[in-house]
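Enquirer: I have a structure I would like to understand better, so I am pasting it below and will then ask my questions one at a time.
The values are calculated or read from the model by the stated rules, or taken from the named source; none is laboratory data. Because the structure is a prediction, the values reported are computed rather than measured. Heads up, the Cβs are rebuilt from the backbone with ideal geometry, glycines too, and the neighbour counts pull from every protein chain shown. Keep in mind that these areas ignore ligands, DNA and RNA; they rest on the heavy atoms of the full protein, side chains included. Shrake-Rupley method; radii C 1.70, N 1.55, O 1.52, S 1.80 Å.
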Amino acid sequence: MNQYCDPLQHTNIYQKREDSDDSDGEGGMGNVNRLIMRPPGHSGKAKRGHLCFDASFETGNLGRVDLINEYEYDLFIRPDTCSPRLRFWFNFTVDNVKQDQRVIFNIVNISKERNLFMENMTPLVKSSSRSKWQRIPKKHVFYHKSVVHQGHYVLSFSFGFDKEDDIWQFCLAPPYSYSKLQTFLNALEKKATYLNDNFKREVIENSVQKRRLELITIGSLDRTQPKTKRRVVAIMARVHPGESPTSFVCQGLLELLISSNSIAALLRENVIFKIIPMLNPDGVFLGNYRSTVMGADLNRSWHIANQWSHPTIKAVIDMLLVLDKNKEFQLDFVVDIHAHSSLKGCFVYGNTYEDVYRYERHILFPKLLATTSDDYIAENTMFNSDNNKIGTARRYLCSLLNDKVNCYTFEVSIFGYKLKGSEITIPYTEESYMRCGRNLVRTFLEYYHNIGAIPIQIVPEIPVKRHHRSRINQIRRRNKNRYKRPLTSRTLAQLHFTNLNINYDSDTSIEDFSYSYRNSSRQRTFRYSEHSQSRKNFAGETVHGGENRQKFSKSSSPPPTTYVVLPEPSLSIIDFNIISRDDIERVTKLNKARAKKIK
């Protein structure tokens with residue numbers, strides 16, 4: 001499901017149109033439209049090397065290009081519609097390049113000066129023949145104050161084009177358009193047909209420009225269950241159009257929730273998820289950074305939302321109020337997903353309360369998330385009641401809804417994260433953003449386990465282990481009656497194992513395949529591995545006999561294998577399986593008694 005059509009394949013960047021002589025960009029809401037940069041004094045048809053810039057497509061943003069010299073170009077980000085102070089998101093294409101052409105691009109009007117470009121972040125690039133996003137190497141990127149540009153911060157990067165026929169795309173972060181969301185939801189809906197009534201897709205409102213505000217409901221609505229309130233989790237994403245990583249987080253979350261994974265199945269039985277994947281579809285379509293088509297920052301407008309200028313968040317507020325007042329449901333979470341432009345890793349913003357017990361309950365979820373996610377940065381986590389943020393979803397909804405509702409802002413970096421104990425920054429990819437969404441799902445399960453809303457299910461494996469141990473004891477008793485062991489104390493011979501590896505699937509605990517090799521012979525070791533494989537498969541089902549081995553071999557991961565290198569023949573190895581601890585203790589006592597008599 002991770003492979004979906006590129007949202008730009010329906011636009012002009014993949015269609016060879018006739019290049020216009022001039023372009024003022026009016027057709028793309030101020031974006032450049034097939035703008036060819038000819039050197040001074042040149043007229044007629046454009047030649048190879050006269051770069052053609054285009055941003056007149058969905059999520060595109062580039063407002064102006066100035067040719068400085070043969071190799072250098074000044075690029076101007078188009079401001080958000082009706083909000084000229086916001087300029088950070090950029091997304092544009094370049095074609096009509098010459099083989100091995102070298103250029104320098106200067107993005108000169110970034111409004112958010114303090115950002116992750118100061119922390120070695122670089123722009124992304126891909127081409128029509130290489131569709132995977134890559135970051136431009138740091139040695140070719142410079143974020144600096146420019147005297148030429150009146151002391152403003154300028155993002156400069158050099159680039160070399162190595163294929164003439166390619167179309168090159170440059171972007172701040174991996175784009176995720178409104179069209180791509182519709183394609184994904186169509187595929188998700190088809191894949192979730194096996195869930196029957198546990199999956200529902202609906203449109204709860206239209207945006208100002210009449211785009212769909214989608215609501216995805218996942219979870220059982222069975223009325224025959226015991227008379228307890230159904231737990232509800234509300235999740236929102238993409239209130240800021242330029243924070244495209246939030247859409248990948250939401251996609252990973254949705255894909256896990258509809259899957260056959262045991263975590264998802266258990267959550268669906270006990271919790272209802274209400275997910276809004278794109279709160280600002282107009283801003284996403286236009287390529288804005290934070291605003292709607294009317295210039296409003298929705299995450300500063302929750303307290304003043306109205307049907308005319310903020311129809312999407314007004315619809316969400318109405319939906320949450322209905323859930324909060326319904327006696328059949330208990331709204332536990334409202335999570336607003338954002339992408340941070342100046343901090344690394346993922347973390348949570350929460351609220352503070354005068355009620356100590358409510359605050360202790362409120363900080364539980366971030367603590368559990370910190371143990372689930374390797375990229376979680378506890379230092380960036382913050383709980384406050386800042387009046388300047390009264391218009392955010394986190395601050396407004398916690399005062400609007402009842403005291404049992406936990407409202408959070410989940411932040412993920414627009415750049416990358418540092419692993420614990422390391423200073424190396426690992427850039428996020430589309431897949432790692434989706435992993436953040438899956439980590440959220442796992443944390444919800446941990447939370448409900450901790451508060452007792454979902455009981456922990458323990459798989460009964462003890463009888464199998466007892467049966468195996470009793471079989472070993474029978475062999476020992478048989479050997480005990482066969483011959484008499486000498487009453488001598490022995491020193492344990494050290495066994496040397498090299499290349500001892502156990503391979504296992506990530507969803508299976510290594511404890512299922514652990515075994516003590518110190519007191520085992522080679523034949524018994526491999527017999528135990530074979531026995532373990534035959535009695536349990538990766539689905540957790542207990543199986544017996546050879547008729548199930550074919551089923552086990554079809555698993556997605558190979559069975560665990562053990563490699564044992566026997567000691568050198570010159571060593572004298574004693575089988576300690578025939579010596580019990582009681583015998584060793586008895587011999588030790590006899591030796592001590594004899595030593596006392598000699599003295």
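Yes or no, residue by residue, for (1) open to solvent by less than 50 Å² (accessible area, probe 1.4 Å); (2) modelled with pLDDT of 95 or more; (3) closer than 21 Å to Asn280 by Cβ:
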residue	(1), (2), (3)
Gln150	no, no, no
Asp162	no, no, no
Ile167	yes, yes, no
Tyr176	yes, yes, yes
Pro226	no, no, no
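Enquirer: Scan Thr93, Thr122 and give me the residue that is surrounded by 18 or more Cβ atoms within 10 Å (Cβ to Cβ), in contact (Cβ under 8 Å) with a residue 12 or more places away in the chain, of a type in the set (Ser, Thr, Tyr) and touching an Asp or Glu at 6+ places or on another chain (Cβ under 7 Å).
Expert: Details: Thr122 fails: touching an Asp or Glu at 6+ places or on another chain (Cβ under 7 Å).
Of Thr93, Thr122, the one residue that is surrounded by 18 or more Cβ atoms within 10 Å (Cβ to Cβ), in contact (Cβ under 8 Å) with a residue 12 or more places away in the chain, of a type in the set (Ser, Thr, Tyr) and touching an Asp or Glu at 6+ places or on another chain (Cβ under 7 Å) is Thr93.
Enquirer: Could you list all residues from the range 91-112 that are at pLDDT 95 or above and at positive phi?
Expert: Within the range 91-112, just Asn96 meets the criteria.
For (1) over 27 Å from Ala173 (Cα atoms); (2) open to solvent by 10 Å² or more (accessible area, probe 1.4 Å); (3) part of a helix (DSSP H, G or I); (4) not aliphatic (A, V, I, L, M), each residue gets a yes or a no:
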| position | (1), (2), (3), (4) |
| --- | --- |
| Lys191 | yes, yes, yes, yes |
| Glu214 | no, no, no, yes |
| Val233 | yes, no, no, no |
| Phe248 | no, no, yes, yes |
| Leu253 | no, no, yes, no |
| Arg268 | yes, yes, yes, yes |
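Enquirer: Which of the residues that make up the range 307-349 are part of a loop (DSSP other than H, G, I, E, B) and closer than 27 Å to Ile414 by Cα?
Expert: Going through the range 307-349, the residues part of a loop (DSSP other than H, G, I, E, B) turn out to be 307-310, 326-328, 341-345.
Within the range 307-349, His310, Ser341, Ser342, Leu343, Lys344, Gly345 qualify.
Enquirer: Okay, next question. Answer yes if at least one residue in the range 101-122 is closer than 14 Å to Phe159 by Cβ and under 22 Å from the mean Cα position of the chain (by Cα), and no otherwise. If you could, list the steps in order and put the result at the bottom.
Expert: Going residue by residue through the range 101-122, those that are closer than 14 Å to Phe159 by Cβ are 101-107, 122.
Now drop any that are not under 22 Å from the mean Cα position of the chain (by Cα), which leaves 122.
Yes, some residue in the range 101-122 is closer than 14 Å to Phe159 by Cβ and under 22 Å from the mean Cα position of the chain (by Cα).
Enquirer: While we're looking at this one, here's another question. Kindly list the number of the only condition in (1) in contact with a strand residue (DSSP E or B) (Cβ under 6 Å, 6 or more places away or on another chain); (2) of a type outside the set (D, E, K, R); (3) surrounded by fewer than 14 Cβ atoms within 10 Å (Cβ to Cβ); (4) within 29 Å of Thr292 (Cβ to Cβ) that fails for Cys82.
Expert: (1)
Enquirer: For the range 114-141, name all the residues that are touching a Leu at 6+ places or on another chain (Cβ under 8 Å) and farther than 17 Å from Arg87 by Cα.
Expert: Across the range 114-141, the qualifying residues are Leu124, Trp133, Gln134, Arg135, Ile136, Val141.
Enquirer: Pairs please, first residue from the range 160-184 and closer than 24 Å to Phe76 by Cβ and of a type in the set (Val, Ile, Thr), second anywhere and open to solvent by 10 Å² or more (accessible area, probe 1.4 Å) and in a loop (DSSP other than H, G, I, E, B), Cβ atoms under 7 Å, 6+ apart in sequence or on different chains.
Expert: Ile167/Ser128
Enquirer: Hey, another quick one. Condition first: among the polar types (S, T, N, Q) and either open to solvent by less than 10 Å² (accessible area, probe 1.4 Å) or in a strand (DSSP E or B) (or both). Now tell me which residues in the range 270-282 satisfy that.
Expert: Residues of the range 270-282 that are among the polar types (S, T, N, Q), as a first pass: 270, 280.
Selection gives Asn280 alone.
Enquirer: Of all the residues that make up the range 31-73, how many are hydrophobic (A, V, I, L, M, F, W, C), open to solvent by 50 Å² or more (accessible area, probe 1.4 Å) and either assigned to a loop (DSSP other than H, G, I, E, B) or within 22 Å of Asp165 (Cβ to Cβ) (or both)?
Expert: Of all residues in the range 31-73, those hydrophobic (A, V, I, L, M, F, W, C) come to 32, 35-37, 46, 51-53, 55, 57, 62, 65, 67-68.
Within this subset, residues satisfying the condition of being open to solvent by 50 Å² or more (accessible area, probe 1.4 Å) are 67-68.
With the extra rule that they be either assigned to a loop (DSSP other than H, G, I, E, B) or within 22 Å of Asp165 (Cβ to Cβ) (or both), the set shrinks to 68.
Here the count works out to 1.
Enquirer: Since Phe285 meets every condition but one in (1) crowded, with 17+ Cβ neighbours inside 10 Å; (2) part of a strand (DSSP E or B), which condition does it not meet?
Expert: The one condition Phe285 does not meet is (2).
Enquirer: Something else now. Looking at this structure, is Asp318 under 25 Å from Lys200 (Cα atoms) and either open to solvent by 10 Å² or more (accessible area, probe 1.4 Å) or not acidic (Asp, Glu) (or both)? Write out each step before concluding.
Expert: Numbers: under 25 Å from Lys200 (Cα atoms): yes; either open to solvent by 10 Å² or more (accessible area, probe 1.4 Å) or not acidic (Asp, Glu) (or both): yes.
So Asp318 passes the test.
Enquirer: Let me ask another. From the list Arg395, Arg361, which residue is in a helix (DSSP H, G or I), touching a residue at least 40 places away in the same chain (Cβ under 8 Å), open to solvent by 60 Å² or more (accessible area, probe 1.4 Å) and of a type outside the set (Phe, Trp, Tyr)?
Expert: Details: Arg395 fails: open to solvent by 60 Å² or more (accessible area, probe 1.4 Å).
One residue alone meets the criteria, Arg361.
Enquirer: Can you tell which of Asn402, Asn387, Asn406 is closer than 23 Å to Ala305 by Cα and open to solvent by less than 10 Å² (accessible area, probe 1.4 Å)?
Expert: On the way: Asn402 fails: open to solvent by less than 10 Å² (accessible area, probe 1.4 Å); Asn387 fails: open to solvent by less than 10 Å² (accessible area, probe 1.4 Å).
Matching residue, one of Asn402, Asn387, Asn406: Asn406.
Enquirer: Is there a residue in the range 419-435 that is modelled with pLDDT of 95 or more, under 19 Å from the mean Cα position of the chain (by Cα) and in a loop (DSSP other than H, G, I, E, B)?
Expert: yes
Enquirer: Hey, among Gly295, Gly345, which residue is open to solvent by 10 Å² or more (accessible area, probe 1.4 Å) and at positive phi? Lay out the reasoning, then the answer.
Expert: Numbers: Gly345 fails: open to solvent by 10 Å² or more (accessible area, probe 1.4 Å).
Going through Gly295, Gly345 in turn, just one is open to solvent by 10 Å² or more (accessible area, probe 1.4 Å) and at positive phi: Gly295.
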